[in-house]
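Trainee: One structure follows; several queries about it will come next.
Just so it is clear, none of the values below were taken in a lab; they were calculated from the coordinates. Because the structure is predicted, anything quoted here is derived from the model rather than measured. A quick note on method: Cβ atoms are made from the backbone with ideal geometry, for glycine too, and the neighbour counts reach across all protein chains shown.
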Amino acid sequence: MSYREALRLLTARLKKVTNQPRFEAELLLAFVRKISREKLLLDDEKEIPPEEWKLLNDLCLQREIYKPMAYILQEKEFFGLKFFVNQHTLIPRPETEILVEEVLKHLQSRSNPQPISILDMGCGSGCIGLSLAHEYTGKAHYFLTDISFPALQVAKQNQKRLLPEKKIYFIAMNQLLGFSTTFDVIVSNPPYVTEQEYDRLQLEIQHFEPKQALVPSKNFFENLFASLNTHLSNKGVFFMETNPNFIEKHAKQLTEKGFFVQTIPDYTGQNHFIKAQWHPFRKL
């Protein structure tokens with residue numbers, strides 16, 4: 001069987017699970033051949049080795065049960081970096097790049113030359129905190145934390161792969177509770193999907209992505225906002241991605257806690273992000 005025929009067969013099989021069967025078939029074939037998608041056509045009449053076809057078939061079988069492509073390839077690009085991902089972390093979404101952009105705008109507007117401390121709370125794969133560390137050229141100390149130990153290990157692996165020269169601190173969430181340091185910037189993409197919304201999500205999300213990273217526990221946001229009293233410095237700024245259906249509620253909660261709050265839209269124009277800064281006239 002030639003590579004061209006293999007690609008045709010893969011594309012036909014993947015039509016059942018994706019609206020991009022040709023694109024995904026090319027990704028799988030490029031992954032197995034260890035070449036770029038652009039080079040697939042150069043020698044597509046060549047015979048495919050049996051071991052490559054076996055691996056290709058195994059990967060296709062995984063996709064046919066709705067395993068996400070990012071988990072099959074163990075990679076997802078985010079903010080120009082290729083992050084390792086597995087079932088312990090959410091797959092980074094394009095809209096979360098807006099959150100990184102907003103934090104970068106804030107960092108780049110600073111006139112204070114002193115190092116700034118940045119906490120990525122609920123870091124998952126580390127895509128937010130590590131992207132900031134890659135892009136921001138000023139002096140900063142980066143801290144990444146997650147409630148999931150396996151997720152924290154994925155973030156550590158990404159730091160070693162992508163930013164081996166950077167000093168990044170990794171903290172288990174339970175250790176953060178006793179942490180005395182405050183942070184100048186806290187950024188978070190916390191779980192914010194309701195149970196009702198979760199039941200309507202695509203099968204590949206329900207069956208493979210970690211539910212605890214999608215659906216918050218009871219009183220989650222009340223506890224998150226309360227923790228800012230402890231962990232956010234007096235002139236600190238909090239950035240968060242959240243459910244557009246509850247963003248006004250969250251903005252009101254933060255305003256009542258003494259924050260000046262801005263809501264920020266996503267690519268569709270829906271308010272999806274929050275920037276909250278301690279009000280300059282709040283009582284300490």
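Trainee: Of all residues being surrounded by 13 or more Cβ atoms within 10 Å (Cβ to Cβ) and aliphatic (A, V, I, L, M) in region 1-20, which is nearest to the chain's Cα centre (by Cα)? Just the residue, please.
Mentor: Ranking the candidates gives Val17 first.
Trainee: Kindly provide the set of residues from region 170-199 that are without any contact (Cβ under 8 Å) to a residue 60 or more places away in the chain and outside any loop (DSSP other than H, G, I, E, B), ordered by number.
Mentor: Phe170, Ile171, Ala172, Met173, Asn174, Gln175, Leu176, Glu195, Gln196, Glu197, Tyr198 - these are the residues of region 170-199 that are without any contact (Cβ under 8 Å) to a residue 60 or more places away in the chain and outside any loop (DSSP other than H, G, I, E, B).
Trainee: Which strands (runs of 3 or more DSSP E) does region 204-284 wholly contain that include 1 or more residues that are within 19 Å of Leu177 (Cα to Cα) and touching a Phe, Trp or Tyr at 6+ places or on another chain (Cβ under 9 Å)?
Mentor: Because the criterion is at least 1 residues that are within 19 Å of Leu177 (Cα to Cα) and touching a Phe, Trp or Tyr at 6+ places or on another chain (Cβ under 9 Å), the strands (runs of 3 or more DSSP E) in region 204-284 that meet it are 232-241.
Trainee: Restricting to region 18-46, and then to whatever is of a type outside the set (A, V, I, L, M) and in contact with a Lys or Arg (Cβ under 6 Å, 6 or more places away or on another chain), can you tell me which residue is nearest to Gln202 (Cα to Cα)?
Mentor: Across region 18-46, the extreme among qualifying residues is Pro21.
Trainee: On to the next question. For region 139-168, name all the residues that are under 25 Å from Thr242 (Cα atoms) and either in contact with a Leu (Cβ under 8 Å, 6 or more places away or on another chain) or among the small types (Gly, Ala, Ser) (or both).
Mentor: Tyr142, Phe143, Leu144, Thr145, Asp146, Ser148, Ala151, Leu152, Ala155, Asn158
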